[in-house]
Amino acid sequence: MFTTPFLDLPPLRAAQGTVRLPGSKSISNRVLLLAGLSEGTTVVHDLLDSDDTSVMLDALRTLGCGVQADGERWHITGLGGRLSAKSASLFLGNAGTAMRPLTAALAVLAATQGGEFEVKGIPRMHERPIGDLVDALRQLGCPVTYLGNEGYPPLRLGPGNGALSTASPIRVRGDVSSQFLTALLLALPLVTEQGPVTIEVEGELTSKPYIEITLNLLARFGIAVERDGWQRFTLPQGSRYRSPGDVRVEGDASSASYFVALGAIAAHGGRTVRIEGVGDDSIQGDIRFVDAARAMGADVSSGPGWLEVRRGAWPLRPITLDCNHIPDAAMTLAVMALFATGTTRLTNIASWRVKETDRIAAMATELRKLGAVVTEGADFIEVAAPARWQRAAIHTYDDHRIAMCFSLAAFNPLAANSLGVPVRILDPRCVGKTFPDYFETLFGVVEVDPTDVPVLTIDGPTASGKGTLASAVAISLGYHFLDSGALYRATALAAREAGVAETDEAGLAAVASGLRLRFTGHEIWLGDVEVSDDLRREDVGAMASKVSAFPSVRDALRALQLSHRRLPGLVADGRDMGTVIFPGADLKVFVTASAAVRAERRYKQLISKGIPANIDSLRADLEARDARDQSRTVAPLKPAEDAKLFDNSELPVDQCVAQVLEWWNAKQAFAAS
Ligand code: DC
């Protein structure tokens with residue numbers, strides 16, 4: 001997951017490949033709650049691993065449920081409808097799918113079994129309305145107290161005196177959020193001993209497909225809800241939750257929307273994007289996004305558990321669509337509209353205003369930054385493509401879906417009226433709510449012109465601290481890191497082991513071009529052997545300095561170095577990164593430090609590893625190596641003409657990193673964020 005303050009997406013050109021979707025958020029949290037209320041143990045497969053499910057798992061643990069991870073599976077042992085903890089304070093983050101159903105379930109349990117609970121979340125959660133649900137619970141006789149503002153969490157639930165009035169129908173509004181009805185449907189089976197319980201919906205029920213998911217899952221846990229249209233729902237007398245044993249969570253259909261759109265926009269020229277985990281047998285309403293995407297031009301084929309998408313009509317066609325049935329996935333349509341001719345109008349989306357953020361306002365603001373022409377109303381949005389695309393820093397409002405759908409704007413080179421601009425996604429970590437690896441998954445299936453991938457080079461003499469600096473800068477930016485010295489060191493080590501003399505240029509070049517070098521996290525592997533420590537040996541460094549003077553060795557390592565230029569960007573350190581390998585780098589830094597300082601650094605490094613060292617001979621060795629690196633005929637060590645020179649003798653590492661990041665940010669001319 002990218003935890004950097006921002007993620008820059010360079011212009012992207014095409015997409016193809018297969019993605020496997022994480023589990024559905026809506027199904028995951030419903031299944032967890034149902035398992036937590038049931039008798040017996042439920043084994044949950046393919047559960048979504050995200051912020052919203054982790055708050056639910058924590059809540060179940062606090063309430064006394066058995067919660068155990070077993071590889072990819074979770075074993076949830078439920079309460080069997082009996083409170084185990086009689087009081088608790090639950091923090092539910094910004095997870096509406098945890099807040100609403102837990103509120104309802106704990107309110108009825110606290111009222112009938114004598115308990116007292118508090119539910120709360122992050123500040124945004126305390127701005128998301130819950131009054132309609134509280135009103136319904138109060139009709140039953142559940143004591144519920146607002147601890148902050150009237151109509152919003154945090155809430156106190158209970159204590160109660162044992163009796164609820166379930167004889168007459170419970171009325172709940174259905175036109176703000178369907179989650180209130182879902183919450184009641186999940187909670188009220190717990191209080192059906194005396195007789196059936198009926199819920200009546202007031203107003204037009206919004207987001208019906210989510211109610212279908214709820215009904216479907218209730219059935220799997222033994223509850224057969226009787227339904228009269230979308231107005232009346234009755235839970236039969238004596239309803240009891242029974243674990244079905246195993247439950248498999250299907251892939252998230254809302255998450256699928258980004259990849260369906262990706263295929264429609266970027267799977268051109270015979271390419272296909274295949275999506276696994278969700279297909280035409282899905283129980284999720286957002287699967288109907290596929291129809292909307294088809295209407296805009298996507299060519300989609302499907303089967304059980306899979307979808308395949310290719311570009312169909314191009315440019316995309318604008319649509320006018322009532323999106324009440326696909327509220328979450330519809331945000332993706334608003335971004336697809338950037339690639340259509342004409343104006344797309346999405347209506348009946350008032351629920352957007354009470355989601356993670358006010359999504360209508362947020363989408364309008366951010367789409368305009370790219371140059372789109374947008375009109376917004378209380379319950380609709382209209383989007384027309386930019387007359388000229390502009391680079392933009394997209395604010396994400398702690399809303400995973402904004403971050404994910406706007407990533408598609410990086411395909412602007414495919415649209416008319418774009419010269420190819422990068423898109424900055426601010427606070428990319430917000431995708432953790434439902435799809436922590438979203439960007440990594442996206443990068444796995446996109447094609448980019450390598451020269452569009454940002455590169456930052458940090459060159460300098462040995463022991464100048466460039467490696468430490470470069471790897472820290474790479475972490476701050478979420479970029480890949482290339483320690484090019486490791487390639488020369490690995491060549492030296494492999495040559496030594498193969499008995500190739502350090503004067504045998506052709507033999508050394510053959511070793512270099514056949515290197516089986518792999519970088520995994522902090523480890524470096526040569527073939528099947530981990531060589532991270534061997535590569536740092538002084539004798540290996542000295543030999544590397546010699547082998548690197550041969551032009552054919554340098555040539556042999558060139559392609560390997562270039563191949564590290566991958567999304568979302570690269571920080572490369574070495575001697576000639578800015579001069580020879582990446583002469584077009586976006587920022588070049590050349591670090592130096594006095595020989596005395598460098599000798600001392602190397603000395604401390606060796607001593608800390610328990611390797612005996614002598615500071616005077618280290619300094620003499622450094623100076624000899626500098627002289628050799630600087631005087632060789634090919635790629636001698638020298639700053640690129642346009643490099644920023646940087647003497648770091650006196651500066652601590654974090655200040656060096658801050659300086660480089662400041663230069664980097666100054667290079668990015670993003671619109672105001
Ligand atoms: O950065 P280092 O100490 O790991 O590099 C080891 C040797 O490799 C160094 O003496 C010079 C050579 N080298 C090079 O010639 N070009 C590079 N880009 C990186 C290292």
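The values are calculated or read from the model by the stated rules, or taken from the named source; none is laboratory data. Since this is a predicted model, take the numbers as computed values, not measurements. Glycine gets a Cβ as well: all are built from the backbone with ideal geometry, and neighbour counts include every protein chain shown.
Summary table
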item: Residue among Gly584, Gly507 that is in a helix (DSSP H, G or I), surrounded by fewer than 23 Cβ atoms within 10 Å (Cβ to Cβ) and away from the ligand (no atom under 15 Å from the Cβ); result: Gly507
item: Residue match in the stretch 116-132 (condition: out of contact with any strand residue (DSSP E or B) (no Cβ under 7 Å at 6 or more places or on another chain), over 18 Å from Tyr152 (Cα atoms) and modelled with pLDDT of 95 or more); result: no
item: Phe380 vs. criteria closer than 26 Å to Lys588 by Cα, surrounded by fewer than 22 Cβ atoms within 10 Å (Cβ to Cβ) and not aliphatic (A, V, I, L, M); result: no
item: Residue satisfying condition, being closer than 16 Å to Ser649 by Cα, aliphatic (A, V, I, L, M) and within 13 Å of the ligand (Cβ to nearest atom), within set Leu622, Leu562; result: Leu622
item: Count of the stretch 487-498 residues which are out of contact with any Gly (no Cβ under 9 Å at 6 or more places or on another chain) and either within 16 Å of the ligand (Cβ to nearest atom) or part of a loop (DSSP other than H, G, I, E, B) (or both); result: 4
item: Residue selected from the stretch 60-86 under the condition without any contact (Cβ under 8 Å) to a residue 40 or more places away in the chain and more than 30 Å from the chain's Cα centre (by Cα), by the criterion surrounded by the fewest Cβ atoms within 10 Å (Cβ to Cβ); result: Ser84
item: Positions within the stretch 510-530 being among the hydrophobic types (A, V, I, L, M, F, W, C), surrounded by 14 or more Cβ atoms within 10 Å (Cβ to Cβ) and either over 32 Å from the mean Cα position of the chain (by Cα) or assigned to a helix (DSSP H, G or I) (or both), in sequence order; result: Ala510, Val511, Ala512, Leu515
item: Flag for Ser608 being within 15 Å of the ligand (Cβ to nearest atom) and either aromatic (Phe, Trp, Tyr) or loosely packed, with under 12 Cβ neighbours inside 10 Å (or both); result: no
item: Filter result (within 12 Å of the ligand (Cβ to nearest atom), farther than 15 Å from Arg489 by Cβ and without any contact (Cβ under 8 Å) to a residue 60 or more places away in the chain) within the stretch 543-559; result: Arg558
item: Complete set of residues in the stretch 284-328 that are surrounded by fewer than 19 Cβ atoms within 10 Å (Cβ to Cβ) and polar (S, T, N, Q); result: Ser301, Ser302, Thr320
item: Filtered residues of the stretch 328-359 (kept if over 19 Å from the mean Cα position of the chain (by Cα), assigned to a loop (DSSP other than H, G, I, E, B) and closer than 18 Å to Ala378 by Cβ); result: Asn348, Ile349, Asp358
item: So Leu48, is it touching a Lys or Arg at 6+ places or on another chain (Cβ under 6 Å), crowded, with 23+ Cβ neighbours inside 10 Å and either of a type outside the set (Lys, Arg) or assigned to a helix (DSSP H, G or I) (or both); result: yes
item: Neighbours by Cβ (under 7 Å, 6+ apart or cross-chain): first from the stretch 34-57, closer than 21 Å to Glu356 by Cβ; second hydroxyl-bearing (Ser, Thr, Tyr) and assigned to a strand (DSSP E or B); result: none
item: Matching residues in the stretch 305-327 - criterion: being under 13 Å from Ile381 (Cα atoms), in a strand (DSSP E or B) and among the hydrophobic types (A, V, I, L, M, F, W, C); result: Leu321
item: Some residue of the stretch 368-375 being surrounded by fewer than 19 Cβ atoms within 10 Å (Cβ to Cβ), small (Gly, Ala, Ser) and more than 30 Å from Pro123 (Cα to Cα); result: no
item: Some residue of the stretch 532-542 being within 40 Å of the chain's Cα centre (by Cα), within 13 Å of the ligand (Cβ to nearest atom), at pLDDT 95 or above and over 23 Å from Ser617 (Cα atoms); result: no
item: Only listed residue being out of contact with any strand residue (DSSP E or B) (no Cβ under 8 Å at 6 or more places or on another chain), within 16 Å of the ligand (Cβ to nearest atom) and assigned to a loop (DSSP other than H, G, I, E, B), chosen from Ala627, Ala613; result: Ala613
item: Residues being among the small types (Gly, Ala, Ser) and within 9 Å of the ligand (Cβ to nearest atom) - total across the stretch 452-470; result: 4
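The rows are residues; the columns are (1) touching a Cys at 6+ places or on another chain (Cβ under 7 Å); (2) away from the ligand (no atom under 16 Å from the Cβ); (3) over 20 Å from Ser548 (Cβ atoms).
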position: Val571; (1), (2), (3): no, no, yes
position: Gly578; (1), (2), (3): no, no, no
position: Arg598; (1), (2), (3): no, no, no
position: Arg602; (1), (2), (3): no, no, no
position: Thr633; (1), (2), (3): no, no, no
position: Asp642; (1), (2), (3): no, yes, yes
position: Glu650; (1), (2), (3): no, yes, yes
position: Gln659; (1), (2), (3): no, yes, yes
position: Ala666; (1), (2), (3): no, yes, yes
